[in-house]
Amino acid sequence: MKATAIAPTNIAFIKYWGKKDNSLRLPLNSNISVNLSGLSTTTSVEFSSFFSRDDVLSDRQKDDQSIRRIIKHLDLIRKVANKNFFAKVRSVNSFPTASGLASSASGFAALTVASCRALNLDLSAKELTIIARQGSGSACRSIPDGWVEWLKGSTNNNSYAYTIFPSNYWDINIVTVIVNNIKKDILSTKGMDLVLSNPFLKTRLRKINKKIELIKQYIYSKKFTEFGELVEKEALELHAMTLTSEPPIIYWEPATIELIKLVWRLRKEGLESYFTIDAGPHLKIICQNKDLDKLIIKLRLVEGVKKIISNKISSGTKLIDSHLF
Ligand code: PMV
């Protein structure tokens, strides 16, 4: 009863920011992402009647709170499978732990898919995303292939993720730029709680369905400029929400702003790229193949840039045969 899964991280172009149900992790709005080829988590899980406790070790989750969250997720899967064996869990990331890239998305996607297989649960991709969502919202988007929509739904069973376009539909690059980060990131859970009392939230939610419709059209017709402009607007809107929350949250570092300005300057000079930023200071920059090398050279010159990882759009979570133990 051992299984191993490898899950990509994902980056949202239309963001998930705010929950209407905290324990089920139902989002306030549907959202859109892609899976990233350069950043993944591999997790092996074994259940056995010989184990006397859950034994969880990962290079990502070291503190007690994170371990408790993993065990809570194992409990959910044990409940679905109607089995009460303890588990051994080992997990490694393809990216350096201290880089500030640690994402719960790939972690909970891999944990879900490996655990369900190890307990012999025969679930559809949709059902797997519903379980992953309850571990970490954005984790549900790391399970299906390529370009993914997470439907907000209204109940546990209709808030799920599915592929809107396969990973090979549109060959673009997403460059992750890690910047020096002196302070610890404020957890997205905290930011999402604060947004609920933000006076601008209503306006955001009123316009979000139109945005989703538009971005799907731009992806479908591969309109890079329109797509990029909308992605950037949406990222800035997320940060406008955090800046106007009470108390305000500023996720950016000086290098974040340098990079934003660089992207805008390069665009004026004819190198077309667009950024998005999650709940942290790092940028993900979208560009076309013809501009990738030039862009990376420019990014390297910015003070405070620690690491650059170039990604393609990847498939979703997969079971593999080589186990970590
Ligand atoms: O699922 P979480 O708790 O990691 O939240 C993700 C929040 C953002 O990354 C800021 C936006 C998103 O849609 O991924």
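Rule-based calculations on the coordinates, nothing more; no lab input. Note that this is a predicted model, so its numbers are computed, not measured. When we count neighbours, we look across all protein chains shown, and the Cβ atoms used for this are built from the backbone with ideal geometry, even at glycine.
Expressed as a fraction of 2.2 N^0.38 Å, the rule-of-thumb size for a compact globular protein of N residues, what is the C-alpha radius of gyration of the chain?
Output field value: 0.97.
Using θ = phi - 60° and the Karplus form 6.51 cos²θ - 1.76 cosθ + 1.60, what ³J(HN,Hα) does each residue of the range 161-176 get, whole Hz, x for Gly and Pro?
10, 8, 6, 9, 9, x, 4, 8, 5, 9, 8, 10, 10, 10, 9, 8
Mind checking which lysines have their C-alpha under 17 Å from residue 2, skipping anything on the same chain fewer than 8 residues away?
In chain and number order, the partners are 83, 88, 318.
Sort 258, 149 by Cβ crowding within 10 Å, fewest neighbours at the top.
Neighbour counts put them in this order, fewest first: 258, 149.
Helix by helix, which DSSP H runs in the chain go 20 Å or more along their axis at the Cα atoms and have an average Kyte-Doolittle hydropathy of -1.0 or more?
Qualifying helices, which must be both long enough and hydrophobic enough, are 64-81, 104-118, 201-220, 224-243, 254-268.
Between the range 297-325 and the range 131-151, what is the C-alpha centre distance in whole Å?
Comparing the Cα centres of the range 297-325 and the range 131-151, I get a distance of 18 Å.
Given H placed 1.01 Å from N in the peptide plane, which residues other than close sequence neighbours of residue 274 have an amide H under 5 Å from its amide H?
Here 286 satisfy the definition.
Using only Cα atoms, locate the centre of the range 17-80 and the centre of the range 231-277, then give the distance between them in Å, rounded to an integer.
A separation of 29 Å, based on Cα centres.
What ³J(HN,Hα) values, in whole Hz, does the Karplus curve 6.51 cos²θ - 1.76 cosθ + 1.60 give for the range 14-23 when θ = phi - 60°, with x put for Gly and Pro?
Whole-Hz 3J(HN,Hα) from phi for the range 14-23: 10, 8, 9, 8, x, 10, 9, 9, 5, 7.
Let's see if you can work this out: charge +1 on each Lys and Arg Cβ, -1 on each Asp and Glu Cβ, no other charges. What is the dipole magnitude of the chain about its Cα centre, in debye to the nearest 20?
360
Determine which lysines satisfy two conditions relative to residue 290: a Cα distance under 16 Å, and not lying fewer than 8 residues away in the same chain.
222, 223, 298, 312
Taking only Cα atoms of the range 122-162, what ratio of Rg to Rh do you get with Rh as the Kirkwood inverse-distance radius?
Rounded to two decimals, Rg/Rh equals 0.91.
If we restrict to alpha carbons, what Rg and Dmax does the range 228-282 come to, in Å?
11.9, 39
Farthest toward the dipole's positive end in the range 4-134, which of 119, 28, 74, given Cβ charges of +1 (Lys, Arg) and -1 (Asp, Glu) about the Cα centre?
Positive-end residue among those listed: 28.
Rounded to the nearest 500, what is the chain's calculated 222 nm mean residue ellipticity when only DSSP H runs of at least 4 contribute -39500 (n - 2.57) each, over all residues?
That calculation yields -11500 deg cm²/dmol at 222 nm.
Which percent of Cα-Cα pairs in the range 120-243 sits in each 5 Å bin, short to long?
Over the range 120-243, the share of Cα pairs per 5 Å bin runs 2, 8, 14, 18, 21, 19, 12, 4, 1, 0 percent.
In the structure displayed, which of 19/210; 72/307; 152/202 lie more than 25 Å apart, Cα to Cα?
Result: 72/307 exceed 25 Å.
Hey, got a sec? Which trypsin sites (Lys or Arg not before Pro) in the range 1-82 land in a DSSP loop and have at most 12 other Cβ atoms within 10 Å?
Of the trypsin sites (Lys or Arg not before Pro), the ones in loops of the range 1-82 whose Cβ has at most 12 other Cβ atoms within 10 Å are 53, 62.
Per residue of the range 34-42, what does 6.51 cos²θ - 1.76 cosθ + 1.60 with θ = phi - 60° give for ³J(HN,Hα)? Whole Hz please, x for Gly and Pro, Karplus curve as stated.
Per-residue couplings from phi come out as 10, 7, 9, 6, x, 9, 9, 10, 10 Hz.
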